[in-house]
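A quick write-up on the structure given underneath.
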Amino acid sequence: MATDIKALRRDFPTLAQIVNGHPLVYLDNAATTQKPQPVLDALNHYYRDTNANVHRASHALSGQATRAFEQAREKVARFIHAASAREIVWTRGTTEAINLVAFGFGRHFLQPGDEILLSTLEHHANIVPWQQAAAATGAVLKVIPLTDTAELDLDAARALICERTRLLAIGHVSNALGQVNPVAELIRLAKAVGAVTLVDGAQAVGHFPVDVQALDCDFYAFSGHKMFAPTGIGVLYGRMEWLERMPPWQTGGEMIKTVSFEATTFNAPPFKFEAGTPNIAGAIALGAAVDYLAVQDRAALMRHEDALLRQLVDGLDAMADINVIGRPRAGAVSFVMDDVHPQDLATLLDMQGIAVRTGHHCAMPLMQALALPQGTVRASLAFYNTDDDVAALLAGIDKARELL
Ligand code: PMP
């Protein structure tokens, strides 16, 4: 049975509005996704009905909040097929998750001369923490270059992965170009030389199912807000062996077993990494987003999104003055218009109610490698986008061209 996208859109109140006199065409999903009603309800329900701190009190509301909070952890574990909910650490988002590993693993396990392997396509969140860890430890950053089609060069990666490689940190899907990187193959190669592996899954989890055990990665990081959940909540999946070995990076309440003025013993993972009162409502609402996705026909949603992406790329390719960058496969499509600043085009689109993003997309080294100092215009899809949205963008570009 074909999924009724128009009906699903009614679950997302934000989508049904007029912006600058036009129905909103929301094509900035790589920046953040809209939230369905069940996620909004979960937030509201927590604050209205069960608001209490988790894990410590012996009263009824705290028990309810703790159950919902820990159930959300179990839902997330199932969602990415982690072996145990104890391998799910709540964070503020992908950035904090990567920083946690860059501190706990990076600062404590990297040695001078160890190599950290990244790709040219990385988001700043998967560059800067490693740069800092390298500066602190004497480790060295190595970067997988691009092919002529702006894709990750797997042959070059094969040549770079060697016995000095201590860590591979790689994006699953490029937020700037919408390319799906060959992460399974890269992880296999990295493991063969004994390297630890981290995947930045920020742009993957909202688009296709992820199985961390099948990927065989040590760490997988993502943000709730890019998969229909609120901002301020994210996940670090960590293989238990590493969560046990890594020291905590923030300390205080919740993460301890015993404290005296002489010494402190730490709680077991994942609590060891969750100092202070967590984002309880956010975690519960992320659980609600997982539930929402679980009842959809995800294969049908993926086919729908894929068809939209093809339609968008074909439409852009048909325009002589537009150049699509790279080979988009999931979510984002980046493009430039001859002799037009990306921001000017985006402003003219915004006047028509069309939300896209411009600039370097937090990937300045990538834009430099592509010789695109002004960046690109990026249109990014979610399953709730429609043929009409794609047609509106293409028509909007035509109209902008007339005005320029
Ligand atoms: N990595 C990628 C690939 C991203 O797209 C983003 C968000 N743009 C991040 C990391 C950082 O995510 P957050 O800002 O939610 O921490």
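The values are calculated or read from the model by the stated rules, or taken from the named source; none is laboratory data. This one's a predicted model, so the numbers in the text were calculated from it and none came from an experiment. With ideal geometry, Cβ positions are generated from the backbone for all residues, glycine too; neighbour counts draw on all protein chains shown.
Quick check on region 71-89. Is at least one of its residues assigned to a strand (DSSP E or B), within 21 Å of Y237 (Cα to Cα) and either away from the ligand (no atom under 16 Å from the Cβ) or touching a Gly at 6+ places or on another chain (Cβ under 9 Å) (or both)? Checking region 71-89: at least one residue is assigned to a strand (DSSP E or B), within 21 Å of Y237 (Cα to Cα) and either away from the ligand (no atom under 16 Å from the Cβ) or touching a Gly at 6+ places or on another chain (Cβ under 9 Å) (or both). The residue that is farthest from the ligand (Cβ to nearest atom), among those in region 10-31 that are assigned to a loop (DSSP other than H, G, I, E, B) and in contact with a Ser or Thr (Cβ under 7 Å, 6 or more places away or on another chain), is L27.
Tell me whether region 246-268 contains one or more residues that are within 16 Å of the ligand (Cβ to nearest atom), under 24 Å from N51 (Cα atoms) and not in a strand (DSSP E or B). For region 246-268, residues within 16 Å of the ligand (Cβ to nearest atom), under 24 Å from N51 (Cα atoms) and not in a strand (DSSP E or B): absent. Checking each residue in region 317-348 for being outside any loop (DSSP other than H, G, I, E, B) and either over 21 Å from P373 (Cα atoms) or of a type in the set (S, T, Y) (or both) picks out D317, S334, T347.
If you go through region 61-84 and keep only what is surrounded by fewer than 24 Cβ atoms within 10 Å (Cβ to Cβ), within 17 Å of S223 (Cα to Cα) and among the small types (G, A, S), you end up with A77, A82. For K142, the conditions (1) surrounded by fewer than 21 Cβ atoms within 10 Å (Cβ to Cβ); (2) within 16 Å of the ligand (Cβ to nearest atom) are fulfilled apart from (2). Selection over region 126-144 of residues that are within 19 Å of Q368 (Cβ to Cβ) and either of a type in the set (S, T, Y) or touching an Asp or Glu at 6+ places or on another chain (Cβ under 7 Å) (or both) gives a count of 3. Based on what the data block shows, is V39 in contact with a Leu (Cβ under 7 Å, 6 or more places away or on another chain), assigned to a helix (DSSP H, G or I), crowded, with 20+ Cβ neighbours inside 10 Å and in contact (Cβ under 8 Å) with a residue 60 or more places away in the chain? So V39 does not fit the description; no.
Here K6, K35 are screened, and the one residue that is closer than 21 Å to G93 by Cα and touching a Ser or Thr at 6+ places or on another chain (Cβ under 9 Å) is K35.
Taking each residue of region 224-238 that is closer than 15 Å to N99 by Cβ and at pLDDT below 95 and looking for partners that are buried (at least 24 other Cβ atoms within 10 Å of the Cβ) and of a type in the set (K, R) with beta-carbon atoms closer than 7 Å, six or more apart or interchain, yields nothing. Where residues in region 228-245 are under 25 Å from N53 (Cα atoms) and of a type in the set (A, V, I, L, M, F, W, C), which of them is farthest from the ligand (Cβ to nearest atom)? Only one residue fits best here, namely L243. Mind listing whichever residues of region 152-181 are surrounded by fewer than 22 Cβ atoms within 10 Å (Cβ to Cβ) and within 16 Å of the ligand (Cβ to nearest atom)? Once the filter is applied, which keeps residues that are surrounded by fewer than 22 Cβ atoms within 10 Å (Cβ to Cβ) and within 16 Å of the ligand (Cβ to nearest atom), region 152-181 yields only V180. In region 182-197, the condition of being crowded, with 19+ Cβ neighbours inside 10 Å, free of Cβ contacts under 8 Å to residues at least 40 places away in the same chain, within 21 Å of G326 (Cα to Cα) and within 15 Å of the ligand (Cβ to nearest atom) is met by at least one residue. Among the residues here, G201 does not qualify as within 14 Å of the ligand (Cβ to nearest atom) and at positive phi. Could you tell me whether D216 is more than 13 Å from the chain's Cα centre (by Cα), at positive phi and surrounded by fewer than 22 Cβ atoms within 10 Å (Cβ to Cβ)? For D216, the condition - more than 13 Å from the chain's Cα centre (by Cα), at positive phi and surrounded by fewer than 22 Cβ atoms within 10 Å (Cβ to Cβ) - is met. Has region 129-136 got any residue that is within 22 Å of the chain's Cα centre (by Cα), within 16 Å of Y220 (Cα to Cα) and modelled with pLDDT of 95 or more? Yes, there is a match, as at least one residue in region 129-136 is within 22 Å of the chain's Cα centre (by Cα), within 16 Å of Y220 (Cα to Cα) and modelled with pLDDT of 95 or more. Restricting region 1-48 to residues that are modelled with pLDDT under 95 and farther than 18 Å from D389 by Cα, the residue that is nearest to the chain's Cα centre (by Cα) is A2.
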